[in-house]
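Visitor: Sending over a structure as structure tokens; questions will come in a sec.
The values are calculated or read from the model by the stated rules, or taken from the named source; none is laboratory data. Given the structure is predicted, the values throughout are model-derived calculations rather than measurements. Here the Cβ positions follow ideal geometry from the backbone for every residue, glycine too, while neighbour counts run over all protein chains shown. Just the protein is used for accessible areas: all its heavy atoms, side chains included, with ligands, DNA and RNA removed. Shrake-Rupley method; radii C 1.70, N 1.55, O 1.52, S 1.80 Å.
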Amino acid sequence: MKLNEQYEPVIGLEVHAQMLTRTKAFCGCPTSFGSEPNTNVCPICLGMPGTLPVLNINLVEFIMRMGLAVGCAIAPRSVFARKNYFYPDLPKGYQISQYEEPICTNGSVQIDLDDGGRKWIGITRIHMEEDAGKSIHDLDVDTLVDVNRCGVPLIEIVSEPDIRSPREAYQYLWKIKQLVTYLGICDGNMEEGSLRCDANVSVRRKGEEKFGTKTEVKNLNSFRYVERALEYEINRHVQLIEDGGTVRQETLLWDANQNAAFPMRSKEEAHDYRYFPDPDLVPVLVDEGWKEKVRQGLPELPTPRRDRFMNELDLPRYDADVLTTEKGLADYFDESLKELCSLTGKSMKENAKAVSNWVMTDVLRVIRERKIDIGRFPISPRSLASMIALISDGTISGKIAKDVFEEMLVTDAAPQTIVESKGLLQVSDTDVIVRTIETVVRNNAHQVQKYLEGNEKIFSFLVGETMKAMKGKANPRLVNEILRQKLEALRR
Ligand SMILES: [Zn+2]
């Protein structure tokens with residue numbers, strides 16, 4: 001047994017998600033990313049004496065969405081606290097946060113395991129807080145401070161120590177990202193810092209109940225780093241214990257360049273935050289009516305949506321996963337399917353796979369090539385559905401549809417119009433097909449002979465030759481039928 005297999009990691013994640021409110025948590029300054037440094041500020045978010053913070057109601061609604069989506073209890077009364085510490089990027093000297101009385105508690109998130117199974121990860125709490133500014137370490141001019149981010153609203157999602165491997169941590173984080181983007185409360189962009197993750201990790205011998213000593217790893221600003229840093233830290237713990245040492249409780253910073261975690265200087269680490277209730281802010285009161293209103297505004301969530309795609313539409317797991325990755329894509333699929341059903345009169349189940357194939361291959365290909373999101377994809381669900389309807393009623397072949405699709409990317413014209421103006425109508429005229437097949441059979445006497453001797457593969461070659469001769473416009477069903485008859489007649 002490998003060394004690591006004798007140990008079990010115990011991991012908990014703290015995820016900070018920046019909320020997509022237009023303004024900051026307690027003032028009217030904009031939250032936009034990438035502004036000129038130190039311009040999105042006012043006396044309130046700089047903590048000038050005599051100013052008073054006013055809570056942004058959208059922050060409360062956003063955190064309630066998240067809390068309800070993961071089954072948390074929403075506290076009828078929660079309280080803001082001051083987290084006091086001194087740091088150059090925090091001019092106020094404290095962050096407004098929630099401490100003893102957070103708004104959301106006791107939820108859970110279902111993650112997907114690599115073996116196809118599912119697992120629930122507990123959510124201890126989710127609370128509101130404001131962000132601090134940023135120190136910019138510039139080699140030429142030493143350290144600069146940008147306080148634009150001071151007061152930008154965050155929620156902190158704290159998991160139970162239910163995660164048992166770096167891979168599960170990755171899956172959990174992925175699920176959190178998927179949820180916050182579905183809910184429209186965070187853009188989920190780890191590179192820009194909209195989603196940040198700290199990990200608590202310890203190891204224990206398999207079968208042991210008691211947790212080992214944990215360390216905290218910070219600065220995990222990509223999905224890959226989370227997995228790597230956890231692997232690094234788990235190995236380090238196991239090595240220490242095996243060498244007869246003990247793990248020291250400490251905070252480490254992940255260094256992606258060196259692929260290693262280093263302890264923070266104890267000065268930075270030894271915070272005594274002296275939390276106390278913020279005297280400038282009244283408690284947040286949430287009544288049942290408000291909670292219900294937020295609950296009713298929740299979209300269909302990713303996991304139930306995926307299950308619906310599988311169970312009600314008979315889509316394969318793979319399709320359902322891809323289509324529900326992002327809410328915009330799932331919406332596009334759902335709308336296209338609805339349109340197609342109203343055009344063809346067929347059921348959702350009958351139409352689902354055709355729509356899924358187009359969305360998963362051609363639509364996604366264009367989105368990736370153009371690096372756009374589905375919101376900027378040029379073909380509307382209605383147009384895509386009209387085009388698929390033309391295939392299913394035999395007006396065009398699937399092959400021609402690919403050309404129509406390319407054309408639809410550059411013009412606003414309806415697929416019917418494109419088909420007519422470009423002369424792409426599928427040929428279902430039996431006489432024309434019969435004549436073409438006769439020519440193909442005549443010109444490929446050698447291959448036909450092989451077919452008659454039992455080489456079945458030749459059949460699709462002859463279909464291909466016929467389609468080629470008719471520039472892809474022949475009705476493939478008719479070509480198959482007529483060719484088969486023709487060849488059988490030769491056999492006699
Ligand atoms: Zn401000």
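Visitor: Using a 1.4 angstrom probe on the protein heavy atoms only, line up Lys175, Lys338, Lys83 by accessible area, largest first.
Guide: Listed by decreasing accessible area, they come as Lys338, Lys83, Lys175.
Visitor: Along the charge dipole of the chain, which of Ser397, Val247, Ile57 sits closest to the positive end, that is, farthest toward it, with unit charges on the beta carbon of Lys, Arg, Asp and Glu (+1, +1, -1, -1)?
Guide: Of the candidates, Ser397 comes out farthest on the positive side.
Visitor: Something else: If you place +1 on the Cβ of every Lys and Arg and -1 on the Cβ of every Asp and Glu, how big does the dipole about the Cα centre of the stretch 98-195 come out, in debye to the nearest 20?
Guide: Around 560 debye, computed over the stretch 98-195.
Visitor: Please determine, in degrees from 0 to 90 and to the nearest 10, the orientation of helix 302-311 with respect to the longest principal axis defined by the Cα atoms of the chain, where the helix direction is its Cα long axis.
Guide: Here the helix axis deviates by roughly 30 degrees.
Visitor: With point charges of +1 on the Cβ of Lys and Arg and -1 on the Cβ of Asp and Glu, referenced to the Cα centre of the stretch 22-140, which listed residue (Leu46, Ile74, Phe33) lies farthest in the positive direction of the dipole?
Guide: Highest projection toward the positive end goes to Ile74.
Visitor: Taking 20 °C and 1.002 mPa s as the conditions, I'd like the Stokes-Einstein D for the stretch 1-141 in µm²/s, using the Kirkwood hydrodynamic radius from alpha carbon pairs. Let's see the in-between values first.
Guide: Numbers: Rh = 18.0 Å.
Using the Kirkwood radius from Cα pairs, D works out to 119 µm²/s.
Visitor: Another one. Using R₀ = 51 Å, calculate the FRET efficiency as 1/(1 + (r/R₀)^6) where r is the Cβ-Cβ separation of Asn455 and Ser342; round to 0.05. Could you put the intermediate results ahead of the total?
Guide: Values: r = 45 Å, r/R0 = 0.89.
That pair, Asn455 with Ser342, gives E of 0.65.
Visitor: Same structure, new question: Please report the carbon-and-sulfur percent of the accessible area for the chain; probe 1.4 Å, protein heavy atoms only, DNA, RNA and ligands left out.
Guide: Values: 12530 of 24730 Å².
C and S atoms contribute 51 percent here.
Visitor: Would you work out the charge dipole size for the chain about its Cα centre, treating the Cβ of every Lys and Arg as +1 and the Cβ of every Asp and Glu as -1, and quote it to the nearest 20 debye?
Guide: Roughly 1540 debye, rounded to the nearest 20.
Visitor: Then there's this: Explain nothing, just the number: dipole magnitude of the stretch 288-419 about its Cα centre with +1 on each Lys and Arg Cβ and -1 on each Asp and Glu Cβ, in debye rounded to the nearest 20.
Guide: On the way: 20 positive and 22 negative charges, 50 e Å.
Charge dipole of the stretch 288-419: 240 debye, to the nearest 20.
Visitor: Scan the chain and report its longest stretch carrying no chymotrypsin sites (Phe, Trp or Tyr not before Pro) that are both in a DSSP loop and have at most 15 other Cβ atoms within 10 Å.
Guide: 276-492
Visitor: Another one. Given only helices, namely DSSP H runs of n ≥ 4 each adding -39500 (n - 2.57), what is the per-residue ellipticity at 222 nm of the chain, to the nearest 500 deg cm²/dmol?
Guide: Helix-only estimate at 222 nm: -12500 deg cm²/dmol.
Visitor: Grab the beta carbon distance between Tyr273 and Ser380, set R0 = 45 Å, and tell me the FRET efficiency rounded to 0.05.
Guide: On the way: r = 52 Å, r/R0 = 1.16.
E between Tyr273 and Ser380, to the nearest 0.05, is 0.30.
Visitor: Could you pull out the trypsin sites (Lys or Arg not before Pro) across the stretch 231-318 that fall in loop regions by DSSP (anything but H, G, I, E, B) with no more than 13 other Cβ atoms inside 10 Å?
Guide: Sparse-neighbourhood loop trypsin sites (Lys or Arg not before Pro): Arg248, Arg265, Arg274.
Visitor: With r as the distance between the Cβ atoms of Glu335 and Asn58 and R0 = 30 Å, compute the FRET efficiency 1/(1 + (r/R0)^6) and round to 0.05.
Guide: The computed FRET efficiency comes out at 0.65.
Visitor: For the stretch 398-472, state which GluC sites (Glu not before Pro) are in a DSSP loop and have at most 16 other beta carbons lying within 10 Å of their beta carbon.
Guide: Counting only loop positions with at most 16 other Cβ atoms within 10 Å, the GluC sites (Glu not before Pro) in the stretch 398-472 are Glu453, Glu456.
Visitor: Calculate I(q)/I(0) for the chain by the Debye formula, one identical point scatterer on each C-alpha and no solvent, and give its log10 at q = 0.11, 0.13 Å⁻¹ to two decimals.
Guide: Reported log10 I(q)/I(0), two decimals: -1.00, -1.23.
Visitor: Which residue, Thr105, Asn444, Ser165, has the largest displacement toward the positive end of the dipole of the chain when charges sit on each Cβ (Lys, Arg +1; Asp, Glu -1)?
Guide: Asn444
Visitor: Over the stretch 81-175, with a single point scatterer placed on each C-alpha, what log10 of the ratio I(q)/I(0) does the Debye formula yield at q = 0.16, 0.24, 0.25 1/Å?
Guide: Values, matching the q order: -0.81, -1.09, -1.13.
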